[in-house]
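Working notes, beginning with the structure itself.
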């Protein structure tokens, strides 16, 4: 009988390791799977991932709470009677593929819609996966009383990292979104069966607490931490993961606003976040507080100065130092690399200090519960509180400040008992430079340094700012709309010039020429569709009898266009504004028979990929007249989006004209505008003025894969 129990105990160790790895893999694999599946339904906004992360963090907290209650209430041999039925119910709810009925209405809160959708489709499976790691570790400690179960936590994080890294490089490339949901559901069903078996074995082997461990295994008393944690430790268990979570979401928001809202840019920060967990929980010697504190503080200062590169260059120039920080921001690789490096170092400090305060096994579930609560606290602050109390992405600046203060505190703590105590001058220099750098970041404007900020608003879809440019020359003075750091419209304020389209939409641009040179039948009216309202500049082209129909997902943009700009009310055409995501609205509408359909719905430099897919292009054609024109605004600081649209047009056998226009006269900090016209209309294709503005795109676009709702990639698109 003793040999049988020993054999069961050995089998339990292997089964526990497998269960922890598989559960962690599924736990983190489902995050990009379900998030990508619902991304097109909510406008492709970076906030979709933020809200999803909030849901996952809160559900993780619920799972850890459940594990804590099960462990503190039931013996291991009775846990199955609670855990088993929940596993069976979760299997009955599979697959996790969301139904089209969950697509939001135009007036529905996106945050509420996302949370309810996730709760209904992945809530219970994710809840049970979240509870697995702490449950299995406590069961493991009961079966092997002398062994530390913390290694299983590192093993769990390794499984999580494997899930994240495999998604963009394997899963996303080889499976459609629907297939991903089905395969994941099959994996969860297999996990549920293994987890059920493990709970039974745990009850048989360790339920009475009489299983003995060989003498060579160190006793629990040798495990790090003490049975009774101090109140300082318990506060640290909450605040340290909250800070790491805040930094994770702030960095993810920043990167997605600058590039694409794609799983890869979600996964990179989350992977670094997990890697720090793995390193710190594997062994305490990997975290050296003194050095990681110094490196983290320096990295924050570097990012802080880079974020205000123009002002920082001027400041350092006055001091005789030519750093040319502005050139760093021109490269997305440099900017993203420095920000991700900073996130890694600050997260190492947070999680390293967290591990230094870990308790003995008797307080293990409370420890993990506090970690999950801290993560949820940071996620809730970014997803729910920040959009209400801030009119900018201030959480990124706050994360820099918090990370810097924590790093400096760690360095000073270590300095009291090391060589650093002999360098007081370096301490004061660090503090002074840090204060200056963070002050600069706190004062940086979301737009340009030239304009005067009039108003700023933040919504689920981003940050809007309205700035005035009071040039001495009244013919150039005007008001601008920014989304993030990108100008999305400029209106001249002189009464005789306020109806004049400017910048991206000037008469010499691709869209301007398409509107003014479109062959009106007998000088009849035109019907124009515009995806993306902005300041409403294109309404200025309207003639009596024309209909210009704008599709706009962000209610704040609609309010700003009506309140701060006059393009809409000055237009001679009939102007219609349809709220809601254009893709969903066009799917529900009958064919609109547009003469011209303009696609210009990009926020900052982030691209809603669901508006540039083959399915979206096919939808546009359904609403376009046979000889109509599709005009795509493909201006972007980092990506050659013309390749994507040219690949789509070629797929649908539509000739194109690629057009570039450099704004002149206003002397604003604004890049050239890039437009791509796709049409079978020979009059437009052969128009002399359009041909003069057209450029050869080259053949590089042929290597770009066709974007679909199931696939999109940055490969070959970076400038």
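The values are calculated or read from the model by the stated rules, or taken from the named source; none is laboratory data. Treat the numbers as computed from the prediction; the structure is a model and nothing was measured. All Cβ positions, glycine included, derive from the backbone under ideal geometry; neighbour counts span all protein chains shown.
Tallying residues that are under 27 Å from residue 610 (Cβ atoms) and touching a residue at least 40 places away in the same chain (Cβ under 8 Å) within segment 685-708 yields 9. For segment 265-299, a residue qualifies if it is at pLDDT below 75 and either under 14 Å from residue 162 (Cα atoms) or buried (at least 21 other Cβ atoms within 10 Å of the Cβ) (or both), and exactly one does: 265. Being crowded, with 24+ Cβ neighbours inside 10 Å and either assigned by TED's automatic domain parsing to the domain that holds residue 112 or modelled with pLDDT of 85 or more (or both) is a description that does not apply to residue 70. Taking the stated definitions as given, is residue 130 more than 15 Å from residue 15 (Cα to Cα), in the same structural domain as residue 55 (by TED's automatic domain parsing) and at pLDDT 70 or above? Against the criterion (more than 15 Å from residue 15 (Cα to Cα), in the same structural domain as residue 55 (by TED's automatic domain parsing) and at pLDDT 70 or above), residue 130 qualifies. Here residue 130 meets the list (1) surrounded by fewer than 16 Cβ atoms within 10 Å (Cβ to Cβ); (2) closer than 14 Å to residue 29 by Cα almost entirely, failing just condition (1). A count restricted to segment 680-698 and to residues that are under 13 Å from residue 510 (Cα atoms) and surrounded by 16 or more Cβ atoms within 10 Å (Cβ to Cβ) stands at 6.
Between 192, 236, 244, 202, the distinction of being under 19 Å from residue 20 (Cβ atoms), surrounded by 18 or more Cβ atoms within 10 Å (Cβ to Cβ) and at pLDDT 85 or above belongs to 192 only.
Residues that are under 18 Å from the mean Cα position of the chain (by Cα) and more than 13 Å from residue 245 (Cα to Cα) were ranked within segment 391-415; the one that is surrounded by the most Cβ atoms within 10 Å (Cβ to Cβ) is 393. Among the numbered conditions (1) within 27 Å of the chain's Cα centre (by Cα); (2) at positive phi; (3) modelled with pLDDT of 80 or more, the only one that residue 653 does not meet is (1).
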